[in-house]
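Student: Below you will find the structure I want to go over with you.
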Amino acid sequence: MADKRQSIRAAFLKATFSFLGYIASCDGQINREEVNRIKVHMKKMHLSEDEQRNALLLFKSGTAPDFNASQALVEFRAATTPKLIQILLVHLLTMARADGFLMEKELHALLWVARELGYKSIVFNHLLKMIYEQDQLALSRNPPQPAQPDTYSAPQPEPNKEQKKANTNAHQPTGNRHQDLHKAYKILGVTTEMTEDEIRRAYKKLASQLHPDKLMSQGLAQEQMHIATERFKRVQAAYSFIKKHRSIYSAR
């Protein structure tokens, strides 16, 4: 069992980094910024130094003109599980969008990879849209903070519950809340006309695909699941946001 888990883990790492290189090279020569993002990605995955060196070699192999992408995908499918195939696509989509946009050639390469892995275009597009909406909702709820000047300011007292709630509402205009709600529904692939039971079932189905415990049972090690875990948290946040809105609406 341990040998099987290790082989699944090795296959996942090989596919992840070789195809990150393959997709990154689709729009031209690899630049230093892209390599730096890969290095940050490796650290988030808690790879050992040896694994990081191997990952860079795999990334480089994926950029080579003679990289046999079709054969690499055949080998990956033979060594992995359906859930980990989706996690690979999540990794590739997340990293391809790490610079804030997705080039047309990158999108075509990702779509080809998804098709080779057995994903229909409509399913891939739904996954892409879900990831985009997750990122947009996370950004609107936690906007990047501007750099603070290097000056001293006296510490402020901790606000109480009422003040925190008031501050949150003050910084979240009604229009923004409606936009966030729209994004949350899209993340779960549901509509406003659905019942709470239907939305809950859709949430459970989606969450089960990204739940860390489920992925560990599939053979992926804990340290390899940071992206899936982040996506799982964002799905949870979207569902909580919808539930909170509906409870407030139904109480009126």
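Student: From the list Arg77, Arg97, Arg53, Arg115, exactly one residue is under 13 Å from Ala15 (Cα atoms) and among the basic types (Lys, Arg). Which is it?
Tutor: Values: Arg97 fails: under 13 Å from Ala15 (Cα atoms); Arg53 fails: under 13 Å from Ala15 (Cα atoms); Arg115 fails: under 13 Å from Ala15 (Cα atoms).
Among Arg77, Arg97, Arg53, Arg115, only Arg77 is under 13 Å from Ala15 (Cα atoms) and among the basic types (Lys, Arg).
Student: Continuing with this model, one more query. Determine, yes or no, whether Ala78 is more than 30 Å from His182 (Cβ to Cβ) and either in a helix (DSSP H, G or I) or in contact (Cβ under 8 Å) with a residue 12 or more places away in the chain (or both). Give the derivation first.
Tutor: On the way: more than 30 Å from His182 (Cβ to Cβ): yes; either in a helix (DSSP H, G or I) or in contact (Cβ under 8 Å) with a residue 12 or more places away in the chain (or both): yes.
So Ala78 fits the description; yes.
Student: Still on this structure, I have one more. Could you go through segment 23-39 and let me know if any residue there is in a loop (DSSP other than H, G, I, E, B), without any contact (Cβ under 8 Å) to a residue 24 or more places away in the chain and either surrounded by 14 or more Cβ atoms within 10 Å (Cβ to Cβ) or of a type in the set (Gly, Ala, Ser) (or both).
Tutor: Looking for residues that are in a loop (DSSP other than H, G, I, E, B), without any contact (Cβ under 8 Å) to a residue 24 or more places away in the chain and either surrounded by 14 or more Cβ atoms within 10 Å (Cβ to Cβ) or of a type in the set (Gly, Ala, Ser) (or both), one finds at least one in segment 23-39, hence yes.
Student: If you take the residues of segment 69-85 that are more than 21 Å from the chain's Cα centre (by Cα) and surrounded by 12 or more Cβ atoms within 10 Å (Cβ to Cβ), which of them is farthest from Lys4 (Cα to Cα)? Explain how you work it out, then say what you get.
Tutor: First, pick out the residues of segment 69-85 that are more than 21 Å from the chain's Cα centre (by Cα): 69-72, 74-75, 78-79.
Next cut, surrounded by 12 or more Cβ atoms within 10 Å (Cβ to Cβ) only: 69, 72, 74-75, 79.
Working: Ala69: 24, Ala72: 19, Val74: 18, Glu75: 15, Ala79: 9 Å.
By that ranking, first place goes to Ala69.
Student: Are there any pairs with C-beta distances below 7 angstrom linking a residue in segment 166-186 that is over 11 Å from Leu137 (Cα atoms) and at pLDDT 80 or above to a residue that is assigned to a helix (DSSP H, G or I) and basic (Lys, Arg), with the two at least 6 apart or on different chains, and if so which?
Tutor: Nothing qualifies.
Student: When only residues in segment 189-236 that are touching a helix residue (DSSP H, G or I) at 6+ places or on another chain (Cβ under 6 Å), at pLDDT 85 or above and not in a loop (DSSP other than H, G, I, E, B) count, which is surrounded by the most Cβ atoms within 10 Å (Cβ to Cβ)?
Tutor: Taking the candidates together, the pick is Tyr203.
Student: Anything in segment 66-75 that is in a helix (DSSP H, G or I) and farther than 12 Å from Gly118 by Cα? List them, or say none. Working first, answer last.
Tutor: Our first condition is that a residue be in a helix (DSSP H, G or I); within segment 66-75, this holds for 69-75.
If the condition is that a residue be in a helix (DSSP H, G or I) and farther than 12 Å from Gly118 by Cα, then Ala69, Ser70, Gln71, Ala72, Glu75 are the ones that fit.
Student: Of the conditions (1) modelled with pLDDT under 75; (2) more than 28 Å from Tyr203 (Cα to Cα); (3) in a helix (DSSP H, G or I), Glu158 fails just one. Which one is it?
Tutor: It fails just one condition, (3).
The values are calculated or read from the model by the stated rules, or taken from the named source; none is laboratory data. No experiment lies behind these values; they were computed from the predicted model shown. Every residue, glycine among them, receives a Cβ derived from its backbone with ideal geometry; neighbour counts consider all protein chains shown.
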